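To start, the structure under review is shown below, and the notes come after it.
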Amino acid sequence: MNLSEYLQLSPEVALALREGRPVVAMESTIISHGMPYPQNVETAQACQRVCREQGVTPATCAILDGKLCAGLTDEQLDFLGRTGKKITKASRRDISLLISQGMHAATTVAATMIIAAAAGIRVFATGGIGGVHRGAETSMDISADLDELSRTPVCVVCAGAKSILDLQLTMEYLETKGVPVIGYRTRVLPAFFTATSPIELNWCADTPEEIAAALRVQIQLGGGMLVANPIHPTYSMDEAEIRAAIENAVAEAKRLGISGKATTPYLLAKINELTKGSSLRANIALVLGNVRLAAQIANSL
Ligand code: PSU
Ligand code: MN
């Protein structure tokens, strides 16, 4: 893979990479499709501040005018946040056409991993990853994020996966694809809004240094890795409340016939509406926690 002719690094990101200083990548679909305006832009800004506080350069990624951008200006972040769901949500399959047609798009975990790897960025913080959707045994709706994790040498820090997905099948798929999933100070997979799920993990780490050491090997092996960082207990949601909201949102999506790449954004917005904004507060808190951990991993790499 050589995408360097399509890359556009911000001056700050280019300098940090040239000098071998730590950089953390962040995605933009979480801004355009994952949260409402203006909290989306405020969160993106807060993520960049958390990075800088740790001495790490933030590289928020997107596709603008057909360029693979790493490091965005405030104006570009605001554009993505205001445009919201009207901007294309880009995964691996969309990249060639977006570039050849000079278009704009927000990047998912999969597309952001591609940009990060092309730029030489090894650590990437997000909220939740895409996964195997409930009912995938008939819909075959499995996020391209999972295949990307198997092939692209980037460490993705997330808060586990939302139970809008089938968590057990998501873990089975990651195992088949050879993706290491490391719990950060936890032995079970966190479930995004809550810190725990019944699913036991094979690996856990107590320090960012341990994760960085494994990442060095994984890069040589030739694939990505997933770090699951539980939401801080202060912000963790009530289990019954979030379960009810998710069940309700999944049923409503089915009733409305929502499918394909519209599914995840629809469910996120519906859950936020049903929980009267408390899921959004949790979402913002866990993203910031993931950025902090990603910055620590990048620092020890
Ligand atoms: N899960 C979340 N929040 C998100 C997403 C997933 O909890 O914002 C976004 C990410 O950008 C992820 C994408 O890469 O949705 C996955 O979409 P799909 O399931 O269509 O592959
Ligand atoms: Mn899908």
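Things to note:
- Of the residues screened, Ala125 is not one that is within 16 Å of ligand 2 (Cβ to nearest atom) and modelled with pLDDT of 95 or more.
- Residues satisfying the stated conditions in the stretch 96-108, i.e. in contact with a helix residue (DSSP H, G or I) (Cβ under 6 Å, 6 or more places away or on another chain) and either of a type in the set (Asp, Glu) or free of Cβ contacts under 8 Å to residues at least 40 places away in the same chain (or both): none
So that you can scan it fast, the table gives a plain yes or no per residue for (1) surrounded by fewer than 20 Cβ atoms within 10 Å (Cβ to Cβ); (2) assigned to a loop (DSSP other than H, G, I, E, B); (3) under 16 Å from the mean Cα position of the chain (by Cα):
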| position | (1), (2), (3) |
| --- | --- |
| Leu97 | yes, no, no |
| Ala106 | no, no, yes |
| Thr112 | no, no, yes |
| Asp145 | no, no, yes |
| Val157 | no, no, yes |
| Lys162 | no, yes, yes |
| Glu172 | yes, no, no |
| Thr196 | yes, yes, no |
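- Sole residue being at pLDDT 95 or above, more than 16 Å from ligand 2 (Cβ to nearest atom) and either of a type outside the set (S, T, N, Q) or outside any helix (DSSP H, G or I) (or both), chosen from Glu247, Glu209: Glu209
- Residue check for Ala111: more than 13 Å from ligand 1 (Cβ to nearest atom), farther than 25 Å from Pro230 by Cβ, among the aliphatic types (A, V, I, L, M) and touching a residue at least 24 places away in the same chain (Cβ under 8 Å): no
- Of the residues making up the stretch 136-151, none is under 20 Å from Thr60 (Cα atoms), away from ligand 1 (no atom under 11 Å from the Cβ) and touching a helix residue (DSSP H, G or I) at 6+ places or on another chain (Cβ under 7 Å).
- In the stretch 9-56, the residues that are farther than 20 Å from Ala105 by Cα, β-branched (Val, Ile, Thr) and surrounded by fewer than 23 Cβ atoms within 10 Å (Cβ to Cβ): Val50
- Of all residues making up the stretch 1-56, the number that are closer than 15 Å to Leu68 by Cβ, outside any helix (DSSP H, G or I) and either modelled with pLDDT under 95 or of a type in the set (Gly, Ala, Ser) (or both): 5
The values are calculated or read from the model by the stated rules, or taken from the named source; none is laboratory data. Predicted model only: the values in this text are computed from it and were never measured. Here the Cβ is made from the backbone with ideal geometry for all residues, glycine too, and neighbour counts use every protein chain on show.
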